[in-house]
1. In square angstrom, what is the accessible area per residue of region 156-278 with a 1.4 angstrom probe?
2. Can you tell me how much longer the chain between Met257 and Lys27 gets when fully stretched, taken as 0.36 nm per residue apart minus their C-alpha distance, in nm with one decimal?
3. Subtracting the Cα-Cα distance from 0.36 nm times the residue separation, let me have the gained length for Thr265 to Ser197 in nm, one decimal.
4. Please tell me the relative contact order of region 1-144 in percent, rounded to the nearest whole number, where contacts are Cα pairs under 8 Å and at least six residues apart.
5. If I stretch the segment between Met153 and Asn98 completely, what's the gain in nm (0.36 nm per residue apart, minus their alpha carbon distance), one decimal?
6. Along the charge dipole of region 16-114, pointing to its positive end and built from +1/-1 on Cβ of Lys, Arg, Asp and Glu, which listed residue (Asn55, Phe93, Ile110) has its Cα farthest out?
7. Would you mind finding the longest exposed-site-free stretch of the chain, with exposed trypsin sites (Lys or Arg not before Pro) meaning DSSP loop and at most 16 other Cβ atoms within 10 Å?
8. Enter the accessible area per residue of region 32-139 (Å², integer; probe 1.4 Å; all protein chains in place).
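The values are calculated or read from the model by the stated rules, or taken from the named source; none is laboratory data. In this text, all values refer to a predicted model and were calculated from it rather than measured experimentally. Cβ atoms come from the backbone with ideal geometry, glycine included; neighbour counts cover every protein chain shown. Only protein heavy atoms, including side chains, enter the accessible area calculation; ligands, DNA and RNA are left aside. Shrake-Rupley method; radii C 1.70, N 1.55, O 1.52, S 1.80 Å.
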Amino acid sequence: MESIRDTYTLHNGVVMPKLGLGVWKTKDGDEVEHAVTSAIDAGYRLIDTASLYDNETGVGRAIAANSVDREELFITTKVWNTDQGYQSTLDAFDVSMNKLGLEYLDLYLIHWPAPSMGLHSETWRALEELYTSGHVRAIGVSNFQPHHIDELMTTATIAPMVNQVELHPYFQQRTAREYDDEHGIITQSWSPIGAGSGLLGESVLSQIGEAYGKSPAQVVIRWHLQHGLAVIPKSVHQQRIIENSNVFDFVISPEHMALIDGLETGERLGPDPDNVNF
Ligand code: NDP
């Protein structure tokens, strides 16, 4: 039987929960501590933060206060663009780990390719160093298009295990997904339920939801899982955090999957990775 404990196996053998909690725009302090605690209590085991989110301290506090074993949790953070480079990434990693209060990290990602900086390969060398020295169990990238990964691989010795990209029914990243699949990279969807864009108000989602007794958010999260994607919806509300995790007890039919696939607009909600250099 499927459950919230279901995992994908990364190409190095590490298992990563299919579903996690995203905490972008969740305020450090009580808000993020409450969200992370609610998620862990609901059975989530993956938390996705980033140095940019400025809430690693609260994420760490919630983890420390919880009785779930550290080994059961899967914590992701990311190196921010202005920290790219070999030594600056190692330094940024130390800062993140101090804030999180963790002895090791599960997944460290390069947040954006930031192509004009030209620092991919040096940044990746630092991630490889953190991986081989046992500080991180898996390494990956975020917002990398196939051509960014091709370029990274000209100097990399270890291939990324995860690529976290903007992905939801409006923007389905078919090319990046195919590329990731061919290269043994797990694709993880950010803004999976459309980040307040109006996606959840699409009538086709409520109609499909009615057929299964599920909300539009649950239908969309389930759509990601049935496409073999990892998914990290964000909420600061306990009710929604629970709702978003109740997606393992129904199966969307192929016909309904096709209707959701039909929502593609080709338009990103977020920035184009080739133009993000901040
Ligand atoms: P999501 O697609 O997860 O949407 C979050 C929004 O949906 C919030 O406004 C939330 O409100 C609302 N919401 C949550 N659950 C429900 C529900 N059941 N019904 C109705 N509304 C709901 O957007 P995010 O942009 O936050 O993406 C998820 C995560 O992905 C981020 O938190 C972050 O961890 C990661 N991310 C990574 C990026 C990257 O560059 N690598 C970029 C962007 C995001 P409320 O909180 O009030 O419930």
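1. 42
2. 79.4 nm
3. So the extension gain works out to 23.2 nm.
4. Answer for region 1-144 is 20 percent.
5. 16.8 nm
6. Ile110
7. With trypsin sites (Lys or Arg not before Pro) excluded where exposed in loops, the chain gives 28-267 as its longest stretch.
8. About 36 Å² of surface per residue is accessible.
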